[in-house]
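Data block below; observations after.
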Amino acid sequence: MNKYIALFIGLLCLFSLDALAQKERKFIRKGNGLFEGNEYENSEVEYRKALDKKINSYEAGFNLGDALYKQKKYDEALKQFQTLTVAEQDPKKLGEIYHNIGNTLLMNRKIDESIEAYKESLRNFPNSKETKYNLEYARKMKQKEEEEKKKQDQNKDQDKKNQDKKDQDKKDQDKKDQDKKDQKDQKDQKNKPEDQDKKKGDPEEQQNKISEQDAKRLLEALENDEKKVQEKVQKAKAVAQKAKRTKIKKDW
């Protein structure tokens, strides 16, 4: 009796699993139809329903990652694909998963990481032409970015050199302008009226200054005047003496 019960329970479990598998397949098929019709959001819903029925369904999980990728939900898609790598052992399936991981990383502009993902894909499934093509494409993208960055760096260096030259030219010009200004200030300082006065002397002082020749003539004139005065004095004395002598004679 117990054997029949165990057999019945086993058959019931198999029937239940089969029923769940059929429902899983039903949701996957519906999701695939929506995916092909570009209804990616609705297909995502169906794939999630399939995973509710069979949580470890590779097809449902893989297709869910594709649906998220098509909706440009790259971060969610990446997590979904990475989840599949944890338990998967089949090399071909791992090649497919890493191929899609590479695509998702590439869309997020993580070029170096995408290259590594494509390499991992080829380690598991070396014959994938599509993966080889995407790997080469990613490498060219990296090369192009490096060339653009190098060009930008060169442009920055050139711009800096040009700016440094402009700054130096401005400094040189400012120095020239300052030198000219200083020279002009010095010239103006020399040509100030007060400087001219100092150079020429005070007008009154200039009037009091006489040449050596004029001084000599003036001295001679003074000497002549003094001589005439002395002559007049002597003459006056002589007249006085004469008058005195005359007076004395009369008194006698």
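General remarks:
- All other residues whose Cβ lies under 14 angstrom from that of Tyr118 are scored, Lys and Arg at +1 and Asp and Glu at -1, for a net of +1.
- Normalised by 2.2 N^0.38 Å, where N is the number of residues, the alpha-carbon radius of gyration of the range 73-133 equals 1.01.
- Aspartates and glutamates with Cα under 19 Å of Lys181, excluding same-chain neighbours fewer than 8 positions away: Asp169, Asp172
- A compact globular protein would have a Cα radius of gyration near 2.2 N^0.38 Å; the ratio found for the range 109-156 is 1.40.
- Rounded to the nearest 20, the Cβ-based charge dipole of the range 26-148 about its Cα centre (Lys and Arg +1, Asp and Glu -1) stands at 360 debye.
- Percentage, to the nearest whole number, of Cα pairs in the range 17-176 over 20 Å apart: 62
- For the cross-link pairs Lys49/Lys129; Lys140/Lys160; Lys140/Lys165; Lys110/Lys156; Lys70/Lys140; Lys70/Lys110, the ones whose C-alpha atoms lie over 28 Å apart are Lys49/Lys129; Lys140/Lys160; Lys140/Lys165.
All of the numbers you see were taken from the coordinates with simple rules; none came from a lab. Source: prediction; values computed, not measured. Neighbour counts run over all protein chains shown; Cβ positions are idealised from the backbone, glycine included.
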